[in-house]
Amino acid sequence: MFLLLFGMGGMLFNILLLSAQLASSGAMVLRELLPEFYIHLGRALPATYAVQGLMDVLFGGGGLGEAVGTMLIIAAAAIAVGALAVALKPQRLTRAAASAAHGRG
């Protein structure tokens, strides 16, 4: 999504968010042991709900409903932002299309 929004600079956001997800999801350190900042950050990132769903399946738990529902909401928001970014981005013509548009085809 950030690559669509910010171009190549979006890769930096992707790397930062991946690192934040690893730290806040509960995959490496239990969420109960994390500082409040990481717990709140993890609530906005999808890896937290993927880890929660996996833990529920592996070790038993309340079920997948909440984790899957939240991941679907995050996915829908990401798809909407990505589609909007592509729709609003100015389109570049290829050389062949530009030649054809200028009557040199």
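If you go through the stretch 72-87 and keep only what is under 18 Å from Pro46 (Cβ atoms) and in contact (Cβ under 8 Å) with a residue 12 or more places away in the chain, you end up with Ile74, Ala75, Ala78, Val81, Gly82. Looking only at residues of the stretch 1-52 that are among the aromatic types (Phe, Trp, Tyr) and surrounded by 12 or more Cβ atoms within 10 Å (Cβ to Cβ), we find that the one that is farthest from Ala67 (Cα to Cα) is Phe6. In the condition set (1) of a type in the set (A, V, I, L, M); (2) at pLDDT 85 or above; (3) not in a helix (DSSP H, G or I), Leu41 is compliant with all but (3). Here the stretch 44-69 is the region considered, the condition is being under 23 Å from Leu4 (Cα atoms) and part of a helix (DSSP H, G or I), and the residue that is nearest to the chain's Cα centre (by Cα) is Pro46. Of all residues in the stretch 27-63, those satisfying the criterion of being touching a helix residue (DSSP H, G or I) at 6+ places or on another chain (Cβ under 8 Å) and of a type in the set (Gly, Ala, Ser) are Ala27, Gly42, Ala47, Ala50, Gly53, Gly61, Gly62, Gly63.
The set of residues in the stretch 32-71 that are in contact with a Gly (Cβ under 8 Å, 6 or more places away or on another chain) and either closer than 20 Å to Leu16 by Cβ or in contact (Cβ under 8 Å) with a residue 24 or more places away in the chain (or both) comprises Leu34, Gly42, Thr48, Val51, Gln52, Met55, Met71.
The values are calculated or read from the model by the stated rules, or taken from the named source; none is laboratory data. Source: prediction; values computed, not measured. Cβ coordinates were reconstructed from backbone atoms using ideal geometry, including for glycine residues, and neighbour counts include every protein chain displayed.
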